[in-house]
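Chemist: Let me give you the structure first, and then I'll get to my questions.
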Amino acid sequence: MTFDRIRTQQDYTDAHAKSVSDPEGFWAAQAETFTWRKTWDTTLVWDFEKPDIQWFAGGKLNITENCLDRHLEKRGNKLALIWEPNDPKERFVRLTYRELHDRVCRYANVLKRNGIKKGDRVAVYMPMVPELMIAVLACARIGAIHSVVFCGFSAQSLADRINDAGAVAVLCSDGMFRGAKEMPVKSVVDEALEQCTTVRRVIVTERVRWAVNMVAGRDVWLHEELTQVGADCPAEVMDAEDPLFILYTSGSTGKPKGVVHTCGGYMVYTDYSFRNVFQVEESDVFFCTADLGWITGHSYMAYGPTLAGATQVMFEGVPTFPDPGRFWQIVDKHGVTIFYTAPTAIRSLMACGIDHVLPYSLHSLRVLGSVGEPINEEAWHWYKTHIGKGKCPIVDTWWQTETGGILISSIAGVTDEKPSHAAYPLPGIQPVLLTAEGKEITENEVEGLLCMKFPWPSILRTTWGDHERCRQTYFSSYTGMYFSGDGAKRDAEGRYRIIGRVDDVINVSGHRFGTAEIESAINTAKGVVESAVVGYPHDIKGQGIYAFVVTEKPVEDPEDMRGSIIESVVASIGRIAKPDKIQFVSGLPKTRSGKIMRRILRKVAENELNALGDTSTLLDPAVVDEIKGGKL
Ligand code: WTA
C-alpha cells in the first residue's frame, strides 16, 4: 500500500497508524519518491536528550535537483512562478520550470564566480522579487547555507544575524516597493556591514533603479555578473544531514537564534505536507501571501511548491495597495485555486469592508489556508463565507520555524474542519499534552503544554553555533520531548486547538518576538531605566505590544519620549516590532527577589483590572495601584 497521497478519511487514519507503528518504513517510502545521488544508509537516528536527530543519514542529494531538474522532462513548460509586482500596472513575470531552472543555475554560477562555495553562509536581504526565490535556490544549488533576513528588520538585526552565522556574502536589492512607498535596501546593508567583518561580497539586484553606493572590491551588480556566466551549473552533492539553511527566530530569552534545517528530511517533509494538506493537483495555482523571509515562505514557497512541481504566485506588495481588494484581484487575475494567508491579514481586510471583496468572482478558489497564529471564529467564518463562498475547505495549519513544516492541520476536504481548530496531527506527527509538571494527559477534552514525542523529518537539528541552546530551549523542559512553547486543548474527537504561547514570546501579526528582545531595545532609549513588555489582545494583529517603561526623570513630554522609544525599537529590531502602547510608570511590580511579575502587567494590559490576584507578596504593592490608574 502506498501512503504518498491521502485521498480519504480512511487513508488518513491508515497513514497515521502506519507512521506510528513503523515511522522509518513510512518515511523511507516517501523519501524513495525523490531523486537521490545515493540512497541513505540509515533512515532515522534519534536521541531527544542530546538532541541528535538524523534522517536519511548517508544519503546524497541536492534539493534543487528535486525542485527543478526532475521536473524538466514532464513539466519543463509548466509555469513554476507567476510574479505579481507591487504596482498592478507593472507587467507581471511568468517563469516556466525550464526558465526557473535556467535562472537558478545562472545565479548559482554568479555565486561561484564570486568565490562562494559549499558550506559558506550567505545572508539574503531582499524584497519579494523573483530574484529572492532564485537566490535562495541558487544557494542550495551550490550547497551554500542561506540565511534569509526579512526586509522589515533593521540594519542592527541584519548585522547581528550576519555576525552570528559568519556570513561571507549578502544578496540584496537596491531598494524596494511597498505599497505607495519606496524604501532603501542596499543602504541598510551598508549600515549593517559597518559592524561585520566576514562579508566579502554583496550582490545587488536592481529593482527600484536608485543610485546606490557600490563599494569597490566588495559590491557587484547582479545584471552585470550575469553577463559573465553560462547556464550550466551541476548541482553540488550534499549529504542528507548537511545544513540547507539557517532562519533566525525569537525565543523567550536572549537574542534570536538561528534554527538549522538540513537537506534530506526537510525536503521529504515539506513536499509531503504541502501536497497532502492542500490536496494539490497538477492544475492548481497556489498563492501563499507570506514573505519568503519567514519559515512559511521557505517551506511553502521556495521549497514545497517547487518540489511538488506546482504553479505558484509570488506577490511583491501589500494587501491594501492600491486598495484592500488587491489579494482578490490577484486571485481572479491569475486563477488562484489555493490561497494561504495569515489571520491578521484576514482580520485587517475584514475590517476594510465587504465592498472590497464583492467586485471579484473568486470562483477559481478551491482551498483556503491559515497560518501563523490562532484564527478567531469571526475571522474564520468571514474567510469561509466571503472568500471561500461557503464551498472551500479551510486548513488551519499549526507549525513553527523549528518544525520546518505543518504538523497539525486538517487535510483539505478530507478530514473534517472546525473553526479555530488546527485539528489533527499529520501522519508522522505524535503530539502529546503535558501538565506543567510534565505528566502526559491522555484523556480528551483537556488542555496542556503541546509537545512532540517522536521526531519527524523536518524537525530542527540545532541552533547555529550553540547546540546547547537548542537542547535547553526545546528538549530540556520535559525529558524525551520536543516542547513547542505553545499551549493547546484537545477536544472530545481528538482535534487540537492551539491557545497560544505559554512562554515570553508574543505573536504580533504572525511575527514572533521575545519580550526580552523588545525590552532591551526600549532600554537603549535615552532616559529609560527599565521596561517590561507584555502582549495584549489586539483586534487586527492578534497580539499588540504593551510596554511599561520606567524613566530616569518624570516624563515632561510623553509624546516626544514615546517617539524616541519607538525610534530605538525600530533601530534595534525593525519597524515590525513597534510597541502599540507605552505607559510610563514609576516602578514595575517585582517580587522580593526582584523578578518582574508579568502576570500582573498582562492583566493590566488586557484590562482585567479586577483579576490581578494576590499582590501582597510584591516588594512594593503600591506600584500596582499607580499602574492601574495610568492604564492606557
Ligand atoms: C503560532 C509560523 C495557532 C504558534 C509557521 C507557534 C499558530 C508560532 C498557528 C510559530 C496556528 C502558528 N494556530 N497558532 N495555525 N500557526 N502559530 O515560528 O504560537 O513564525 O508557536 O512559524 O506561531 O511561529 P513561526
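Chemist: Return yes or no: is Ile441 at pLDDT 95 or above, β-branched (Val, Ile, Thr), more than 16 Å from the ligand (Cβ to nearest atom) and farther than 20 Å from Arg347 by Cα? Steps first, answer last, please.
Modeler: Details: at pLDDT 95 or above: yes; β-branched (Val, Ile, Thr): yes; more than 16 Å from the ligand (Cβ to nearest atom): yes; farther than 20 Å from Arg347 by Cα: yes.
In short, yes.
Okay, residues lined up against (1) hydrophobic (A, V, I, L, M, F, W, C); (2) open to solvent by 10 Å² or more (accessible area, probe 1.4 Å):
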| site | (1), (2) |
| --- | --- |
| Phe26 | yes, no |
| Ala31 | yes, no |
| Lys50 | no, yes |
| Gly58 | no, yes |
| Arg70 | no, yes |
| Arg91 | no, yes |
| Arg94 | no, yes |
| Tyr97 | no, no |
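Chemist: Among the helices (runs of 4 or more DSSP H) contained in region 56-147, which hold 1 or more residues that are closer than 30 Å to Ala180 by Cα, of a type outside the set (A, V, I, L, M) and free of Cβ contacts under 8 Å to residues at least 60 places away in the same chain? Lay out the reasoning, then the answer.
Modeler: Working: elements: 63-67, 72-75, 97-113, 130-142.
Helices (runs of 4 or more DSSP H) meeting the threshold: 97-113.
Chemist: Further, regarding this structure: Report whether or not Ser420 is small (Gly, Ala, Ser), assigned to a strand (DSSP E or B), within 16 Å of the ligand (Cβ to nearest atom) and crowded, with 16+ Cβ neighbours inside 10 Å. Step through it out loud before you land on a result.
Modeler: Numbers: small (Gly, Ala, Ser): yes; assigned to a strand (DSSP E or B): no; within 16 Å of the ligand (Cβ to nearest atom): yes; crowded, with 16+ Cβ neighbours inside 10 Å: yes.
Criteria not met by Ser420.
Chemist: Test Val550 against the stated conditions and say whether it is over 17 Å from Lys578 (Cβ atoms), open to solvent by 50 Å² or more (accessible area, probe 1.4 Å), part of a strand (DSSP E or B) and away from the ligand (no atom under 16 Å from the Cβ).
Modeler: On the way: over 17 Å from Lys578 (Cβ atoms): yes; open to solvent by 50 Å² or more (accessible area, probe 1.4 Å): no; part of a strand (DSSP E or B): yes; away from the ligand (no atom under 16 Å from the Cβ): yes.
Taking the combined requirement at face value, the residue does not satisfy it.
Chemist: Within region 579-604, how many residues are touching a residue at least 40 places away in the same chain (Cβ under 8 Å), closer than 23 Å to Gly527 by Cα and either more than 31 Å from the chain's Cα centre (by Cα) or in a helix (DSSP H, G or I) (or both)?
Modeler: Result for region 579-604: 6.
Chemist: Within the bounds of region 399-411, is there any residue that is part of a strand (DSSP E or B), modelled with pLDDT of 95 or more and within 13 Å of the ligand (Cβ to nearest atom)? Reasoning before the result, please.
Modeler: In the first step, residues of region 399-411 are kept if they are part of a strand (DSSP E or B); the result is 408.
Subset that is modelled with pLDDT of 95 or more: 408.
Filter once more, so that each one left must be within 13 Å of the ligand (Cβ to nearest atom): 408.
Yes, region 399-411 contains at least one residue that is part of a strand (DSSP E or B), modelled with pLDDT of 95 or more and within 13 Å of the ligand (Cβ to nearest atom).
Chemist: Yes or no: Pro427 surrounded by 20 or more Cβ atoms within 10 Å (Cβ to Cβ) and more than 16 Å from the ligand (Cβ to nearest atom)? Give the derivation first.
Modeler: Numbers: surrounded by 20 or more Cβ atoms within 10 Å (Cβ to Cβ): yes; more than 16 Å from the ligand (Cβ to nearest atom): yes.
So Pro427 fits the description; yes.
Chemist: Here is a follow-up. Regarding region 604-612, can at least one residue be identified that is open to solvent by 50 Å² or more (accessible area, probe 1.4 Å) and of a type in the set (A, V, I, L, M, F, W, C)?
Modeler: In the first step, residues of region 604-612 are kept if they are open to solvent by 50 Å² or more (accessible area, probe 1.4 Å); the result is 606-608, 610.
Restricting the remaining residues to those that are of a type in the set (A, V, I, L, M, F, W, C) gives none.
Scanning region 604-612 turns up no residue that is open to solvent by 50 Å² or more (accessible area, probe 1.4 Å) and of a type in the set (A, V, I, L, M, F, W, C).
Chemist: Among the residues of region 5-24, how many are open to solvent by 60 Å² or more (accessible area, probe 1.4 Å) and basic (Lys, Arg)?
Modeler: Here the count works out to 2.
This table checks each residue for (1) at positive phi; (2) modelled with pLDDT under 95; (3) in contact with a strand residue (DSSP E or B) (Cβ under 9 Å, 6 or more places away or on another chain).
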{"residue": "Asn109", "(1), (2), (3)": "no, no, no"}
{"residue": "Gly119", "(1), (2), (3)": "yes, no, yes"}
{"residue": "Ala138", "(1), (2), (3)": "no, no, yes"}
{"residue": "Gly143", "(1), (2), (3)": "yes, no, yes"}
{"residue": "Ser157", "(1), (2), (3)": "no, no, yes"}
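Chemist: Mind checking which residues of region 487-496 are of a type in the set (Lys, Arg) and either away from the ligand (no atom under 12 Å from the Cβ) or buried (at least 20 other Cβ atoms within 10 Å of the Cβ) (or both)? Steps first, please.
Modeler: Initial filter on region 487-496 (of a type in the set (Lys, Arg)): 489-490, 495.
Within region 487-496, Arg490, Arg495 qualify.
Chemist: Inside region 519-546, can you point out the residues that are under 14 Å from Ile573 (Cβ atoms) and within 16 Å of the ligand (Cβ to nearest atom)?
Modeler: Ile545
Chemist: Being among the aromatic types (Phe, Trp, Tyr) and open to solvent by less than 30 Å² (accessible area, probe 1.4 Å) narrows it down to one residue among Trp464, Trp456; which is it?
Modeler: Values: Trp464 fails: open to solvent by less than 30 Å² (accessible area, probe 1.4 Å).
Only one candidate passes the filter, namely Trp456.
The values are calculated or read from the model by the stated rules, or taken from the named source; none is laboratory data. Quick caveat, the model's predicted, so the values are computed rather than measured. Positions of Cβ are generated from backbone atoms using ideal geometry, with glycine treated the same way; all protein chains shown enter the neighbour counts. Keep in mind that these areas ignore ligands, DNA and RNA; they rest on the heavy atoms of the full protein, side chains included. Shrake-Rupley method; radii C 1.70, N 1.55, O 1.52, S 1.80 Å.
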